[in-house]
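The values are calculated or read from the model by the stated rules, or taken from the named source; none is laboratory data. These numbers were taken from a predicted model, which means no experiment stands behind them. Ideal geometry is used to build each Cβ from the backbone, glycine not excepted, and the neighbour counts take in all protein chains shown.
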Amino acid sequence: MKVAIVGTGFTGLVTGATLAEMGHAVTCIDTDRGMLARLRERILPFQEPGLAALVRRNSQELRLDFNSSLGDGVRGAEVVILALPSPIGADGVTDMSEWATVGGRLASLLRPYTVVIVAGTVRPGGTQLLRTILEEDGRRVGRDFDVVAVPALFSHGAAVAEALSPRRIVVGGATEHAMRVLRRCYTPFLRDGAHLVTVDERSAETLRYAAAALRVALFGVTREIAGFCEEGGAEVAEVLAHMVGDEGGARILRRSLGAAPATRDIREARAMVELANNWGCAPWTLEAALEQVPHTAEGVIQRLRAALDDELDGKRVGVWGMAGVSAGDDPDAAVGLRILRSLLGAGAHLVIHAPGSEDDVRASLGGLVDLTDAPLAALASAHALVVLSDIPSMRAIDLSRARRLMTRPVIVDPLALWNAQEMRNAGIAYNGGAGAPAQVAV
């Protein structure tokens, strides 16, 4: 089946690569020609475990290509998936202007019967808006096209695994004709008990907001649990692993512990709060969770200061990863960049290994920091390492080598990626989670 993806950010690229992996012929479309050129060279605009290998393999096997032309990209496609940016508008909720523009251009380009899928975040009612726009060209719903909501529910850090092996694929507002096409499209994913779930259109649209809100809320809760563990002398990773009775739930909690939620999740949660307030709801829990986000940067800085005797001026600090930034995000809104700016303001010299986020770092900080492709290079002569993203290759770090490379073996790791006792046994002052105390004298 030929599938076109309009929008090649986080949602679009993960969706396109995984559909191609399942055997479909996929064209990813975007107006950013520079990004498309880099993708053709297998250079990704963001870091996501397993995604680079999918893009490389499916590009080489000619199942995945990239195009800047909407007309060329959608020609002959049975399914067109819209994964467009969803910025916050002046009214505080999701801005649909780009969706309306693309919908107007798309109307005359569709083949005789096409299923248009809304995969990104739209205002409630956005799917119907697109349906109305597509009908303005004289085409008829049900005969010439259908528009359905199939929200992309995978999360940062586990997107490829979740997209390839979903527990369910939720479809909202589909006709029987559309469902026949969708079954052909998604059947390769339906194994190990996974299935297509049909819901009403508004429920499908709301799922993206609700999923983002849950991730932000869990971030706030796990951060508080981590702080409680620190004061009580408990190992936060162990507590989170056994709070719930199933592996899936434990994994979700584990991923919630970090330097920051994804910027996309923060944006969508804020839009949900605005909508809830407009509708007379009282989203107190979500508002409280969002209020915590800016303080995460302060917490990381405080822990680093404590580990370095409150002296950052002139200190060489290695940084792994970039919290909260993904393709299409506003990098200036990312918690990771706030942390870097605070460190620079305190006089620290930063050496950063952030695969997939280099352009964001350069655009925001220019020549104020050093970037390196090698994770161990960020440790050389460093007085401390700050970990801001879970990059799997980093977990295999040789602890004894890391200790030898660093001037002071101090690691501040809000994600709690390593076992604290193992780190301490290796002679590393390790501050993991919201902060297990760094108990090794250095």
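Got a sec? Which strands (runs of 3 or more DSSP E) wholly within the range 140-249 have at least 3 residues that are surrounded by 14 or more Cβ atoms within 10 Å (Cβ to Cβ) and hydrophobic (A, V, I, L, M, F, W, C)? If you could, list the steps in order and put the result at the bottom.
Working: elements: 145-149, 168-172, 195-199.
Output list reads 145-149, 168-172.
Which of the residues that make up the range 362-408 are small (G, A, S), outside any helix (DSSP H, G or I) and more than 21 Å from I301 (Cα to Cα)? Break it down into steps so the answer makes sense when it comes.
To start, the set of residues in the range 362-408 that are small (G, A, S) comprises 363-364, 366-367, 374, 377-378, 380-382, 384, 389, 393, 396, 400, 402.
Okay, now just the ones that are also outside any helix (DSSP H, G or I), so 374, 380-382, 384, 389.
A374, the sole residue that qualifies.
For the condition within 27 Å of the chain's Cα centre (by Cα), of a type outside the set (D, E, K, R), at pLDDT below 85 and outside the structural domain of Q47 (by TED's automatic domain parsing), what is the one hit in A226, A204?
Numbers: A204 fails: at pLDDT below 85.
Answer to the selection: A226.
Take the range 184-207 and flag every residue that is of a type in the set (D, E, K, R) and under 25 Å from R131 (Cα atoms).
Taking the range 184-207 and keeping what is of a type in the set (D, E, K, R), we get 184, 191-192, 200-202, 205.
Result: R184, D200, E201, R202, E205.
A100 passes all but one of (1) under 29 Å from the mean Cα position of the chain (by Cα); (2) in a helix (DSSP H, G or I); (3) more than 24 Å from T263 (Cα to Cα); which number fails?
(3)
If you check D332 against the conditions, is it modelled with pLDDT under 90, outside any loop (DSSP other than H, G, I, E, B), charged (D, E, K, R) and surrounded by fewer than 21 Cβ atoms within 10 Å (Cβ to Cβ)? Working first, answer last.
Details: modelled with pLDDT under 90: yes; outside any loop (DSSP other than H, G, I, E, B): yes; charged (D, E, K, R): yes; surrounded by fewer than 21 Cβ atoms within 10 Å (Cβ to Cβ): yes.
Against the criterion (modelled with pLDDT under 90, outside any loop (DSSP other than H, G, I, E, B), charged (D, E, K, R) and surrounded by fewer than 21 Cβ atoms within 10 Å (Cβ to Cβ)), D332 qualifies.
Please find, within the range 82-97, the residue that is nearest to T15 (Cα to Cα) out of those that are β-branched (V, I, T) and outside any loop (DSSP other than H, G, I, E, B). Break it down stepwise before answering.
Kept after step one, since they are β-branched (V, I, T), are these residues of the range 82-97: 88, 93-94.
Pick out the ones that are also outside any loop (DSSP other than H, G, I, E, B) and you get 88, 94.
Values: I88: 23, T94: 21 Å.
Ranking the candidates gives T94 first.
Of all the residues that make up the range 61-94, how many are out of contact with any helix residue (DSSP H, G or I) (no Cβ under 7 Å at 6 or more places or on another chain), farther than 18 Å from S108 by Cβ and modelled with pLDDT under 95?
Total satisfying the criteria: 5.
Of all residues in the range 307-319, count the ones that are surrounded by 15 or more Cβ atoms within 10 Å (Cβ to Cβ) and either modelled with pLDDT under 90 or farther than 15 Å from A382 by Cβ (or both). Let's see the steps before the verdict.
Start the filter on the range 307-319 by keeping residues that are surrounded by 15 or more Cβ atoms within 10 Å (Cβ to Cβ), which leaves 307-308, 312, 315-319.
If we keep only those that are either modelled with pLDDT under 90 or farther than 15 Å from A382 by Cβ (or both) as well, we get 307.
Number of matching residues: 1.
List the number of the failed condition for M96; all other conditions in (1) without any contact (Cβ under 8 Å) to a residue 40 or more places away in the chain; (2) crowded, with 17+ Cβ neighbours inside 10 Å; (3) within 26 Å of R183 (Cα to Cα) hold.
(3)
Give me a count of the residues in the range 127-178 that are closer than 16 Å to V115 by Cβ and touching a His at 6+ places or on another chain (Cβ under 7 Å).
Within the range 127-178, residues that are closer than 16 Å to V115 by Cβ and touching a His at 6+ places or on another chain (Cβ under 7 Å) number 2.
Residue under question is A354, and the condition is that it be over 23 Å from D309 (Cβ atoms), hydrophobic (A, V, I, L, M, F, W, C), in contact with a Ser or Thr (Cβ under 9 Å, 6 or more places away or on another chain) and outside the structural domain of R42 (by TED's automatic domain parsing); does it hold?
Numbers: over 23 Å from D309 (Cβ atoms): yes; hydrophobic (A, V, I, L, M, F, W, C): yes; in contact with a Ser or Thr (Cβ under 9 Å, 6 or more places away or on another chain): yes; outside the structural domain of R42 (by TED's automatic domain parsing): yes.
It is true that A354 is over 23 Å from D309 (Cβ atoms), hydrophobic (A, V, I, L, M, F, W, C), in contact with a Ser or Thr (Cβ under 9 Å, 6 or more places away or on another chain) and outside the structural domain of R42 (by TED's automatic domain parsing).
If the requirement is being farther than 22 Å from V361 by Cα and surrounded by fewer than 22 Cβ atoms within 10 Å (Cβ to Cβ), which of these qualifies: R38, R33, R75?
Values: R38 fails: farther than 22 Å from V361 by Cα; R33 fails: farther than 22 Å from V361 by Cα.
After applying the criteria, what remains is R75.
Which of (1) assigned to a loop (DSSP other than H, G, I, E, B); (2) closer than 19 Å to P85 by Cβ does L36 not meet, given it meets every other one?
Failing condition for L36: (1).
Name the residues in the range 125-179 that are farther than 23 Å from S108 by Cβ and among the hydroxyl-bearing types (S, T, Y), would you?
Of everything in the range 125-179, those that are farther than 23 Å from S108 by Cβ and among the hydroxyl-bearing types (S, T, Y) turn out to be S155, S165.
Check L371, L376, L388, L415 and return the single one that is surrounded by fewer than 17 Cβ atoms within 10 Å (Cβ to Cβ) and either over 20 Å from the mean Cα position of the chain (by Cα) or not assigned by TED's automatic domain parsing to the domain that holds L44 (or both). Before you say what the answer is, go through the steps one by one.
On the way: L371 fails: surrounded by fewer than 17 Cβ atoms within 10 Å (Cβ to Cβ); L388 fails: surrounded by fewer than 17 Cβ atoms within 10 Å (Cβ to Cβ); L415 fails: surrounded by fewer than 17 Cβ atoms within 10 Å (Cβ to Cβ).
On inspection, the qualifying residue turns out to be L376.
Is one or more of the residues making up the range 22-30 surrounded by fewer than 23 Cβ atoms within 10 Å (Cβ to Cβ), within 28 Å of D390 (Cα to Cα) and either modelled with pLDDT of 95 or more or of a type in the set (G, A, S) (or both)? First the steps, then the outcome.
Kept after step one, since they are surrounded by fewer than 23 Cβ atoms within 10 Å (Cβ to Cβ), are these residues of the range 22-30: 22-25.
Still in the running and within 28 Å of D390 (Cα to Cα): 22.
In the following step, the residues that additionally are either modelled with pLDDT of 95 or more or of a type in the set (G, A, S) (or both) were identified as 22.
Within the range 22-30, one or more residues are surrounded by fewer than 23 Cβ atoms within 10 Å (Cβ to Cβ), within 28 Å of D390 (Cα to Cα) and either modelled with pLDDT of 95 or more or of a type in the set (G, A, S) (or both).
Would you point out the residue of the range 262-305, among those that are modelled with pLDDT under 90 and not in a helix (DSSP H, G or I), that is surrounded by the most Cβ atoms within 10 Å (Cβ to Cβ)?
Across the range 262-305, the extreme among qualifying residues is A262.
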